[in-house]
Amino acid sequence: MALPSAVEALWSELQAVREKVVKEAEGLSQGQADWRPSDTDWSVGEILHHLTLAEINTGKLTSKLVKEADAAGKLAPYPTDLRAFTPMPPPAPGPMEAPPVVRPEKGHPIAQLLADMKATRERSRQSIERLGSVDPRPLTWKHFSLGELNLAQWWMLQARHDGDHLQQLRAVKASRGFPGA
């Protein structure tokens, strides 16, 4: 499906940052994937699990908001003149604690984490196509720290979130004591 230019740009951003995340994690041993710099830090595996959970939940939110707007007769088509989305609000300063619904579990096999991440992204393409067929601006949901976000902003957040955790993943791999294999 051909996407409107703003949605296509968003999809490209999502894909570019995810490609970097996957590249950083591919080829790691299970020991490397499970290793944590400290008891309070996440492992690479936990980061991957968290990103997948977050994306699954953004996809579920997309389905929920579109379904509810459609049932209420308030679902509008994508505006032909919408060329760009409202920028995201700035991130809250300092580290944030993941809400329970997206807290990762440790110890998942690295191959399964990567396969799940890739499969989730394939399903997300359907959500992005849905985003490209409706006006995402009136479809809103409150984020726990950023406030009210429209559906396009939720997907923009997913890309920013991947980028933030890409840096975290790289920091784990660069930490003193990271296993050689």
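Residues are listed down the side, and each one gets a yes or a no for (1) more than 21 Å from the chain's Cα centre (by Cα); (2) at pLDDT 95 or above; (3) open to solvent by 20 Å² or more (accessible area, probe 1.4 Å):
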position: Lys20; (1), (2), (3): no, yes, yes
position: Ala25; (1), (2), (3): no, yes, no
position: Ala33; (1), (2), (3): no, yes, no
position: Trp42; (1), (2), (3): no, yes, yes
position: Phe85; (1), (2), (3): no, yes, yes
position: Glu97; (1), (2), (3): no, no, yes
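Only one of these conditions is not met by Leu14: (1) assigned to a loop (DSSP other than H, G, I, E, B); (2) open to solvent by less than 40 Å² (accessible area, probe 1.4 Å); (3) under 20 Å from Asp162 (Cα atoms); (4) among the hydrophobic types (A, V, I, L, M, F, W, C). Which number is it?
Among (1) assigned to a loop (DSSP other than H, G, I, E, B); (2) open to solvent by less than 40 Å² (accessible area, probe 1.4 Å); (3) under 20 Å from Asp162 (Cα atoms); (4) among the hydrophobic types (A, V, I, L, M, F, W, C), the lone unmet condition for Leu14 is (1).
Among the residues of the range 76-125, which ones are over 21 Å from Trp11 (Cα atoms), part of a helix (DSSP H, G or I) and in contact with a helix residue (DSSP H, G or I) (Cβ under 7 Å, 6 or more places away or on another chain)?
Those that are over 21 Å from Trp11 (Cα atoms), part of a helix (DSSP H, G or I) and in contact with a helix residue (DSSP H, G or I) (Cβ under 7 Å, 6 or more places away or on another chain): Val101, Val102, Ile110, Leu113.
Just to be sure I understand the filter: pairs with C-beta atoms under 6 Å, separated by 6 or more residues or on different chains, first member in the range 155-180 and over 23 Å from Phe85 (Cα atoms), second member charged (D, E, K, R) and open to solvent by 30 Å² or more (accessible area, probe 1.4 Å). Which pairs pass?
Leu166/Lys20; Leu169/Glu24
So is Ser63 among the small types (Gly, Ala, Ser) and in contact with a Lys or Arg (Cβ under 6 Å, 6 or more places away or on another chain) or not? Write out each step before concluding.
Numbers: among the small types (Gly, Ala, Ser): yes; in contact with a Lys or Arg (Cβ under 6 Å, 6 or more places away or on another chain): no.
Spelling it out, it is not the case that Ser63 is among the small types (Gly, Ala, Ser) and in contact with a Lys or Arg (Cβ under 6 Å, 6 or more places away or on another chain).
Taking the range 29-44 on its own, how many of its residues are in contact with a Phe, Trp or Tyr (Cβ under 9 Å, 6 or more places away or on another chain), under 26 Å from Leu157 (Cβ atoms) and assigned to a helix (DSSP H, G or I)?
1
Could you give every pair whose Cβ atoms fall below 6 Å, whose first residue belongs to the range 93-116 and is farther than 18 Å from Thr40 by Cα, and whose second residue is among the β-branched types (Val, Ile, Thr), counting only separations of at least 6 or pairs across chains?
Sorted first by the residue in the range 93-116, then by its partner, the pairs are Asp116/Thr52.
Only one of Leu157, Leu113, Leu149, Leu166 is under 17 Å from Ala54 (Cα atoms), open to solvent by less than 50 Å² (accessible area, probe 1.4 Å) and touching a strand residue (DSSP E or B) at 6+ places or on another chain (Cβ under 6 Å). Can you tell me which? Please lay out each step first, then the result.
Working: Leu157 fails: touching a strand residue (DSSP E or B) at 6+ places or on another chain (Cβ under 6 Å); Leu113 fails: touching a strand residue (DSSP E or B) at 6+ places or on another chain (Cβ under 6 Å); Leu166 fails: touching a strand residue (DSSP E or B) at 6+ places or on another chain (Cβ under 6 Å).
Exactly one residue qualifies, and that residue is Leu149.
Just one of Ser29, Ser5 is closer than 23 Å to Glu105 by Cβ, surrounded by fewer than 17 Cβ atoms within 10 Å (Cβ to Cβ) and at pLDDT 95 or above; which is it? Step through it out loud before you land on a result.
Working: Ser5 fails: closer than 23 Å to Glu105 by Cβ.
The unique qualifying residue is Ser29.
The values are calculated or read from the model by the stated rules, or taken from the named source; none is laboratory data. Model, not experiment: these values are computed from the prediction. For neighbour counting, all protein chains shown are included, and Cβ atoms are generated from backbone atoms with ideal geometry for every residue, glycine included. What goes into the accessible areas is simple: the full protein's heavy atoms, side chains included, and nothing from ligands, DNA or RNA. Shrake-Rupley method; radii C 1.70, N 1.55, O 1.52, S 1.80 Å.
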